[in-house]
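A.B. asks: Here you go, one structure.
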Amino acid sequence: MSKRAFNFCAGPAALPTEVLERARAELLDWQGKGLSVMEMSHRSDDYVAIAEKAEQDLRDLMGVPSNYKVLFLQGGASQQFAEIPLNLLPEDGVADYVETGIWSKKAIEEARRFGNVNVVASASKYDYFAIPGQNEWNLTPNAAYLHYASNETIGGLEFDWIPEVGDVPLVVDMSSDILSRPIDVSKFGLIYAGAQKNIGPSGLVVVIVREDLLGRARSICPTMLNYKVAADNGSMYNTPATYSWYLSGLVFQWLKEQGGVEAMEKRNRAKKDMLYGFIDNSDFYTNPIQPSARSWMNVPFRLADEKLDKAFLEGADARGLLNLKGHRSVGGMRASIYNALGLDAIEALVAYMAEFEKEHG
Ligand SMILES: *Cc1c(COP(=O)(O)O)cnc(C)c1O
């Protein structure tokens, strides 16, 4: 068997080894049919069964109510930045946005191309070390929707609460923390997540949308970006990303076998407690985020002296601890510790960090 490193990449991220082994076993000959899933018609009974099972497993995992559609689309999370206003923001309406970092900022910039955007609050007032509480938000009465990013993948800032906005549809970019712990889907109008963090391979974005929000698209909305068209066609208006969808389905099955998102929450809590606990107990490593807003999935940290960054990364690589370099816009280090990584990955990382500190601290 080939050796698997611990991959702390922010995305495309590590996938469970068991999932890749299953995909490998099925790669040339899916269930005795003599062909690969990649070579199947998306209209074939076999593929439709694969797609429907993936959707049902995701619904089971997240407890998606029956008045929501689950869409498997393309264009990544970034395309949703345009797709959301094109579908949900009337020309004379206002969309509210919360700005907590790079991804929510990108969503805001894109939405501005399509209409009126009100930034209700920005974490810039806390240097992106904390999330402004809702009592500090300047909400628009009757906004078309409120958009926020539940986890800022680059800054490492995560909501541990769900905004309360009454009848205004709540729209959330959950790309990097979907399925990491249970959430109440019924609180949201629309949830979207690029697959390559906590779901599956890139090339796919999952959209969970309440049915009453379908059919509101602007007339200029391209057919391919219209949620209603996607929903009416089972996400197969055109050829979907069939293999990514299949592989995501294998991840959902794996999650169910692990005990679902409740089990993930337990495991993810233990993982982040171990890593943040180690960082907080050290004078050599720092994470500046306010504890209640610290991301469970993406842990940025700095060394006492950035001149040591290169040596730290080289040493990590040599031990099979991969992709710990922070985002180019932030510097420092970042450990992305999505569902596919177990506690053993954190133990290995912390052991290395302790050893490096002893040597260089
Ligand atoms: C990665 C990421 C995106 C962008 O995803 P793409 O699929 O590359 O477009 C958007 N939002 C968040 C929170 C992300 O983590």
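The values are calculated or read from the model by the stated rules, or taken from the named source; none is laboratory data. Note that the coordinates shown come from a computational prediction; the quantities given were computed from them, not determined experimentally. Every residue, glycine as well, gets a Cβ built from its backbone with ideal geometry; the counts of neighbours run over all protein chains shown. Just so you know, the surface numbers come from the protein's heavy atoms only, side chains and all, with ligands and any DNA or RNA stripped out. Shrake-Rupley method; radii C 1.70, N 1.55, O 1.52, S 1.80 Å.
A.B. asks: Within the stretch 206-219, does at least one residue satisfy the condition of being closer than 18 Å to Gly76 by Cα and open to solvent by 10 Å² or more (accessible area, probe 1.4 Å)? Step through it out loud before you land on a result.
C.D. replies: Initial filter on the stretch 206-219 (closer than 18 Å to Gly76 by Cα): 206-209.
Checking which are open to solvent by 10 Å² or more (accessible area, probe 1.4 Å) leaves us with none.
Scanning the stretch 206-219 turns up no residue that is closer than 18 Å to Gly76 by Cα and open to solvent by 10 Å² or more (accessible area, probe 1.4 Å).
A.B. asks: Which members of the stretch 35-86 meet the condition of being open to solvent by 50 Å² or more (accessible area, probe 1.4 Å) and within 16 Å of the ligand (Cβ to nearest atom)?
C.D. replies: Matches in the stretch 35-86: Gln74, Ser78, Gln79.
A.B. asks: Those residues that are open to solvent by less than 10 Å² (accessible area, probe 1.4 Å) and either closer than 15 Å to Tyr243 by Cβ or more than 12 Å from the ligand (Cβ to nearest atom) (or both), I need them from the stretch 192-204; list them, please.
C.D. replies: Ala195, Ile199, Gly200, Leu204
A quick yes/no check of all residues on (1) closer than 27 Å to Ser41 by Cα; (2) in contact with a Leu (Cβ under 6 Å, 6 or more places away or on another chain):
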{"position": "Gln196", "(1), (2)": "yes, no"}
{"position": "Ile199", "(1), (2)": "yes, no"}
{"position": "Ser202", "(1), (2)": "yes, no"}
{"position": "Met224", "(1), (2)": "yes, no"}
{"position": "Lys228", "(1), (2)": "yes, yes"}
{"position": "Ala231", "(1), (2)": "yes, yes"}
{"position": "Val251", "(1), (2)": "yes, no"}
{"position": "Glu262", "(1), (2)": "no, no"}
{"position": "Arg269", "(1), (2)": "no, no"}
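A.B. asks: Considering only the stretch 132-142, I want to know if a residue exists there that is more than 24 Å from Arg294 (Cα to Cα), in the same structural domain as Gly215 (by the TED database), surrounded by fewer than 20 Cβ atoms within 10 Å (Cβ to Cβ) and of a type in the set (Asp, Glu).
C.D. replies: No - not one qualifying residue is present in the stretch 132-142.
A.B. asks: I need every pair where a residue in the stretch 17-35 that is among the β-branched types (Val, Ile, Thr) has its Cβ under 6 Å from the Cβ of a residue that is modelled with pLDDT of 95 or more and surrounded by 13 or more Cβ atoms within 10 Å (Cβ to Cβ), sequence separation at least 6 or different chains.
C.D. replies: Here the result reads Val19/Leu250; Val19/Val251; Val19/Trp254, each pair linking the stretch 17-35 to a residue that is modelled with pLDDT of 95 or more and surrounded by 13 or more Cβ atoms within 10 Å (Cβ to Cβ).
A.B. asks: Follow-up. Can you find a residue in the stretch 331-353 that is over 25 Å from Glu18 (Cβ atoms), open to solvent by 40 Å² or more (accessible area, probe 1.4 Å) and either charged (D, E, K, R) or out of contact with any strand residue (DSSP E or B) (no Cβ under 9 Å at 6 or more places or on another chain) (or both)?
C.D. replies: Looking through the stretch 331-353, none of the residues is over 25 Å from Glu18 (Cβ atoms), open to solvent by 40 Å² or more (accessible area, probe 1.4 Å) and either charged (D, E, K, R) or out of contact with any strand residue (DSSP E or B) (no Cβ under 9 Å at 6 or more places or on another chain) (or both).
A.B. asks: So for the stretch 154-162 (the condition being in contact with a strand residue (DSSP E or B) (Cβ under 8 Å, 6 or more places away or on another chain), at pLDDT 95 or above and away from the ligand (no atom under 12 Å from the Cβ)), does at least one residue qualify? Please lay out each step first, then the result.
C.D. replies: At the first step, the residues of the stretch 154-162 found to be in contact with a strand residue (DSSP E or B) (Cβ under 8 Å, 6 or more places away or on another chain) are 154-159, 162.
Checking which are at pLDDT 95 or above leaves us with 154-159, 162.
Then keep just the ones that are away from the ligand (no atom under 12 Å from the Cβ); that gives 162.
Checking the stretch 154-162: at least one residue is in contact with a strand residue (DSSP E or B) (Cβ under 8 Å, 6 or more places away or on another chain), at pLDDT 95 or above and away from the ligand (no atom under 12 Å from the Cβ).
A.B. asks: Any residue at all in the stretch 94-103 that is free of Cβ contacts under 8 Å to residues at least 24 places away in the same chain and open to solvent by 60 Å² or more (accessible area, probe 1.4 Å)?
C.D. replies: There is no residue in the stretch 94-103 that is free of Cβ contacts under 8 Å to residues at least 24 places away in the same chain and open to solvent by 60 Å² or more (accessible area, probe 1.4 Å).
A.B. asks: Right, something else. Looking at the stretch 1-34 only, could you name the residues that are within 16 Å of the ligand (Cβ to nearest atom) and farther than 29 Å from Ala231 by Cβ?
C.D. replies: If the condition is that a residue be within 16 Å of the ligand (Cβ to nearest atom) and farther than 29 Å from Ala231 by Cβ, then Asn7, Phe8, Cys9, Ala10, Ala14 are the ones that fit.
A.B. asks: Follow-up. Do we find a residue being under 20 Å from Val37 (Cβ atoms), of a type in the set (D, E, K, R), outside any loop (DSSP other than H, G, I, E, B) and open to solvent by 60 Å² or more (accessible area, probe 1.4 Å) anywhere in the stretch 260-268?
C.D. replies: First, pick out the residues of the stretch 260-268 that are under 20 Å from Val37 (Cβ atoms): none.
The answer is no, given that none of the residues of the stretch 260-268 is under 20 Å from Val37 (Cβ atoms), of a type in the set (D, E, K, R), outside any loop (DSSP other than H, G, I, E, B) and open to solvent by 60 Å² or more (accessible area, probe 1.4 Å).
A.B. asks: Determine which single condition Tyr237 fails, assuming it passes every other condition in (1) surrounded by fewer than 24 Cβ atoms within 10 Å (Cβ to Cβ); (2) of a type in the set (Phe, Trp, Tyr); (3) within 16 Å of the ligand (Cβ to nearest atom).
C.D. replies: The number of the failed condition is (3).
A.B. asks: Is it the case that the stretch 122-129 has a residue that's within 16 Å of the ligand (Cβ to nearest atom) and either touching a residue at least 40 places away in the same chain (Cβ under 8 Å) or loosely packed, with under 15 Cβ neighbours inside 10 Å (or both)?
C.D. replies: Going residue by residue through the stretch 122-129, those that are within 16 Å of the ligand (Cβ to nearest atom) are 123, 128.
Add one more test, that the residue is either touching a residue at least 40 places away in the same chain (Cβ under 8 Å) or loosely packed, with under 15 Cβ neighbours inside 10 Å (or both), and what stays is none.
No, the stretch 122-129 contains no residue that is within 16 Å of the ligand (Cβ to nearest atom) and either touching a residue at least 40 places away in the same chain (Cβ under 8 Å) or loosely packed, with under 15 Cβ neighbours inside 10 Å (or both).
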